[in-house]
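One structure is given below, encoded as structure tokens.
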Amino acid sequence: MINALDQIFVLLKHWIVGFMPEALQPFVGIVLSVVAIVVVFPGLFALTTVLERKGLGRMQNRIGPNRTGPYGILQPVADGIKSLTKEDIVPVSADAVVHFLAPLVLVVVVFMGFSVLPMGRNMQLVDMDAGLLFFFAIGASTELSIFMAGWSSRNKYSLLGAMRAVAQMVSYEVPLLMSSVVVVMITGSLSLVKIVEAQNQYTWGLPHWYIFTPWGCAAFLMFAVAATAETNRSPFDLPEGESELVAGYFTEYSGFKFALFFLGEYLGMFSMSGLGTTLFLGGWSAPLAALNFVPSWIWFFSKVMLSICVLIWLRGTLPRLRQDQLMNFAWKFVLPMTLLNLLVAALWRFMGEGWLRWVVCSAILLGVYVVAGRTGMKRKHYGPRSYRYAE
Amino acid sequence: MTPLAGYLLVAALVFAIGLAGALTRRNAILVLIGIELMLNAANLNLIAFWRFGPHPEALTGVMFAVFSIAVAAAEAAVGLGLVISIYRHVRTADLDKMNRMKG
Amino acid sequence: MTIVFWILAALTVAGALAAVTLRNTVHCALAVTTAFAGLALLFLQLDAQFAGFAQILVYIGAVAILVVFAILLTRGSETSEHGVFSPTWLAGLCIAAAVFALLGWAVLRSVNAIPQQVMAPAITVKDVGNALMTRYVLPLEIVALLLTAAMVGAVIVAMHEKGDVK
Amino acid sequence: MLGEGILKGLAETAKNFAGSFVDKERLTTVQYPEERLPLPEASRNFPFLVYDGPDWEAGLRCVACQICEKECPPKCIYIDKSKDKKPDFVGKMQIYPAKFDIDISVCMSCQICVEVCPFEAIKMDTEYELATDDRFGGLLLDRHQLARSNEYYHKIHPTEAAEVDARLAEEKAKAEAKARAAAAAPPKAAPPAVAPSASTPATTTAATRPSVPAQAAKKEEVPSSPPAPPKEGEAR
């Protein structure tokens, strides 16, 4: 019974596929999985928008949307209808083809990232041998669509936003990859399914999640920072800083294309949260051995939503960074720390079982963190601005 | 036609297009793009030979392609850095106008 | 010779052709990205997963971005008044055509001589990793050194010179 | 240590988040269409014409002197004088506006018409829900649409309206005393005595103006009064 509930979607898929003729079966199976992804995550997107607005409102002692439906839960429906019925404006001087393609490329590419995430026991579209590499390769392609959007709009704000976005995403991709590589080192596989299985073990009822190891915790924190920057979320939302760049690279988009960008951004957030969950939080495995009776997909989605809530919390708390702070942080702090973490993970691997490796690894990481935080990220005091030509 | 011949022809075509681009375009960046295309065509050749060759488990073709990709990335970085640096001096990315040794 | 191969080949060649013929430089960069993507898919079709994903990661994720950045930094998207092709374009075209004719002739002549392995090789990414760390570890280190040198070199080349007021 | 501030900030927002569910005092939002904040007395939005008594047409204080029309910076007031006359609040015969239109799309709510009006006939309304579903129609408001009773004026600006009423009552008393005095001395000469003073608005202005700064304790009227008379002088 418990097993059936756990595998309910897999069984459902097999049952539907069973009705199809033999030749069509693999094809129909893939279509069903894709349809499930394409339905579930936009649904989650709708839920998240209202959650975000309500949550941010409460953090600012406001009520948040409460007009559409009971407690405002129909707000995403209203937003959707609004964006669908709005006029689709393309600027006269814009590059029409590229302008049209940019949101499509973004959404398609972001959806592809979900295909390797294991969302439950046996619940993944493809168990790719190089799943993690695929995920990052796909993630790297979103930058180009953002550039396309910014450049084709022929708008200075759009172009500036796109340049900022691309520079930021390229910079933070390095720490993102580096912090994930640690997990690959320990697991010995790039397949996300194998990574989850490696974490799905328990000692004394506690799980072997990687976040509960010194290197895993450090990698998770840096992964979280880099993922936040990669998805252009606050406090790294310089590319769409409303107070500086109107809306950044999608300033010149309206109606449904704007909604597509919005969707792409949130889907990117989900896939990043899903990846973080898979790599460090044990994917679909239960947090306690005693809780294993709960279906695995519930654990995956609750972990993803939890990380989304943390992202919303961060957005409600932190002010936007400056461009130089952003770059300094990426190249001078996060990247060296990830490199150090690689060494620590190797040390962990070769020190063998025992309490000593816990002490040594934690001490190295904490010590360097404190020292680097003190010296490397020392607050610079800028004097009054001087102008070369204006005075 | 065998599968391998198909891949080799595509690679030859892409190589020729890249060469044509490198030889006919004025803009230095586009010349670099042409060179990248040629490198990529070579990679396709390497991987096709590995796939259809006698000893795929030796991984020589894939390794060669992977190293070639890494080297191409380095080449692109340095090449584009040079283009930007030249642009600062002569205010143009047009190769036909970069005909002076004097900086 | 599956239909997938022909579609990917057409995509790649069309992307490459567009990249060298279009007038707008940014369009060229986007077209060349299509060609890179097509080549990556061809790699994947050839069961070279690692090379395919590395191709996407490096070419679409990094080189294409570098190219568009360079185009924007050199105002390359403004079409020059002298046209986009160099005066010796005919000679270049002839050379390219000759090269293609030679290569094509070589391939077609040896069509019966070249090997035909039809079985897909059972190569996992793990094997690639093992090979990189054992047999190919020296080239790997050299490439690492090269990349570091290239990075430092690119930064120095593109860096503002001291006293350069621009 | 690096990141301390972030933790502090997170704690603060968490406190706000939880607090907003527990403590209703934290929520400062006013649910607008259902709940409204009382408007401050000095709020103003768009002019209206004051009338006394039950009949809006007969009771309009406006005498069509056209000062506001001339002073209006965006020139959105359009006045036509009447051919006949009717008695005003003191009983003098005055002309009245046959047409008094204000273009609501042009008006910039500057209150200059109110400041220059010598007859307390035009005042600022506080009505702000002026949106309609018609884009071009209904922008030119005529005198019927602009007319509001004095009671309404008392309701929206009580202090100011009381001052205005006191001033008008004093004026009326003065006029009545004058009339009585005129009636007492030469019984037959009363109408001519009234007529010169009522013949032009300007004379009345001259008579009323000085009383304004003397009486008005309201600060906003005091600085606006001195520049007004010279302008009228130029206009004449």
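Please treat every number below as a calculation from the coordinates, not as lab data. Because the structure is a prediction, the values reported are computed rather than measured. Don't worry about glycine lacking a Cβ; one is built from the backbone with ideal geometry, like all the others, and counts go over all protein chains shown.
Exactly which GluC sites (Glu not before Pro) in the range D:33-124 are in a DSSP loop and have at most 16 other Cβ atoms within 10 Å?
D:Glu34, D:Glu35, D:Glu41
Is it possible to state the helix-based mean residue ellipticity at 222 nm for the protein assembly as shown, with each DSSP H run of 4+ residues giving -39500 (n - 2.57), the sum divided by total residues, to the nearest 500 deg cm²/dmol? What is it?
-20000 deg cm²/dmol
For D:7-16, what's the mean count of beta carbons from other chains sitting within 10 Å of each residue's beta carbon?
For peptide D:7-16, the averaged partner shielding equals 4.
For chain A, what are the DSSP H helices with axial Cα length of 20 Å or more and mean Kyte-Doolittle hydropathy of at least 0.5?
Membrane-span-like by this rule: A:25-59, A:96-113, A:131-152, A:156-187, A:214-230, A:255-280, A:296-317, A:335-351, A:355-375.
Treating the beta-carbon of each Lys and Arg as +1 and of each Asp and Glu as -1, no other charges, what is the dipole magnitude of the range B:3-97 about its Cα centre, to the nearest 20 debye?
320 debye
With a point put 7 Å past each Cα toward its Cβ, work out how far C:Thr124 is from A:Ser386 in nm, to one decimal.
Going by the 7 Å Cα→Cβ label model, 6.3 nm.
Sorted from fewest to most neighbouring beta carbons within 10 Å, what does the list C:Asp127, A:Asp324 look like?
Fewest to most other Cβ atoms nearby, the residues stand as A:Asp324, C:Asp127.
In the range D:61-126, which trypsin sites (Lys or Arg not before Pro) are in a loop and have at most 15 other Cβ atoms within 10 Å, using DSSP for the loop call?
Of the trypsin sites (Lys or Arg not before Pro), the ones in loops of the range D:61-126 whose Cβ has at most 15 other Cβ atoms within 10 Å are D:Lys75.
Put +1 on the Cβ of every Lys and Arg and -1 on every Asp and Glu Cβ in chain A; which of A:Leu84, A:Met305, A:Gln60 then has its Cα farthest towards the positive end of the dipole?
Positive-most Cα among the choices belongs to A:Gln60.
Which of these, A:Arg154, A:Arg374, A:Arg357, has the largest mean-square fluctuation under a Gaussian network model of chain A (Cα springs below 10 Å)?
So, out of A:Arg154, A:Arg374, A:Arg357, the one fluctuating most is A:Arg374.
Using label points projected 7 Å from each Cα along Cα→Cβ, tell me how many nm separate D:Met1 and A:Thr68, to one decimal.
Between D:Met1 and A:Thr68, the simple spin-label model gives 4.4 nm.
Counting Lys and Arg as +1 and Asp and Glu as -1, what is the net charge of the other residues whose Cβ lies under 11 Å from the Cβ of A:Gly139?
Net charge around A:Gly139: -3.
Near D:Lys178, which aspartates and glutamates are there with a Cα under 13 Å away, not counting those fewer than 8 places off in the same chain?
D:Glu170
Of the peptides A:328-334, D:133-139, how do they stack up when ordered by the mean number of other Cβ atoms within 10 Å, highest first?
A:328-334, D:133-139
Roughly what would the spin-label model give for A:Val359 and C:Thr134, points 7 Å off Cα along C-beta, in nm?
3.8 nm
For chain A, what is the charge dipole size about the Cα centre, in debye to the nearest 20, if Lys and Arg each add +1 at the Cβ and Asp and Glu each add -1 at the Cβ?
For chain A, the charge dipole is close to 1240 debye.
Taking 56 Å as R0, compute the FRET efficiency from the Cβ-Cβ separation of A:Asn122 and A:Lys332 and round it to 0.05.
The value I calculate is 0.85.
Quantify how strongly other chains surround peptide A:310-321 by giving the mean number of their Cβ atoms within 10 Å of each of its Cβ atoms.
The shielding value for this peptide is 3.
Per 0.36 nm of contour for each residue apart, how much would the distance between D:Ala177 and D:Leu10 grow if the chain were fully extended, relative to their Cα-Cα spacing?
Difference between extended and current length: 52.6 nm.
Once you average over the residues of C:133-140, how many Cβ atoms of partner chains fall within 10 Å of each Cβ?
That average works out to 2.
If I take R0 = 41 Å and measure r between the Cβ atoms of A:Val370 and A:Val10 in this structure, what FRET efficiency does the formula 1/(1 + (r/R0)^6) give, to the nearest 0.05?
0.30
Could you compute the FRET efficiency for A:Met20 and D:Asp55, with r as their C-beta to C-beta distance and R0 at 56 Å, rounded to 0.05?
Result of the calculation: an efficiency of 0.10.
Using Cα springs under 10 Å in a Gaussian network model of chain C, which residue among C:Val13, C:Val84, C:Val99 shows the largest mean-square fluctuation?
C:Val99
Can you work out the PRE-style zone for A:Phe293? Point 7 Å along Cα to Cβ, and I want the residues of the range A:1-35 with backbone N under 19 Å.
Residues A:1-8 qualify, since their backbone N sits under 19 Å from the label point.
Which residue, A:Glu52, A:Glu244, A:Glu197, tops the fluctuation ranking in a GNM of chain A built on C-alpha contacts under 10 Å?
Greatest mean-square fluctuation among the candidates belongs to A:Glu244.
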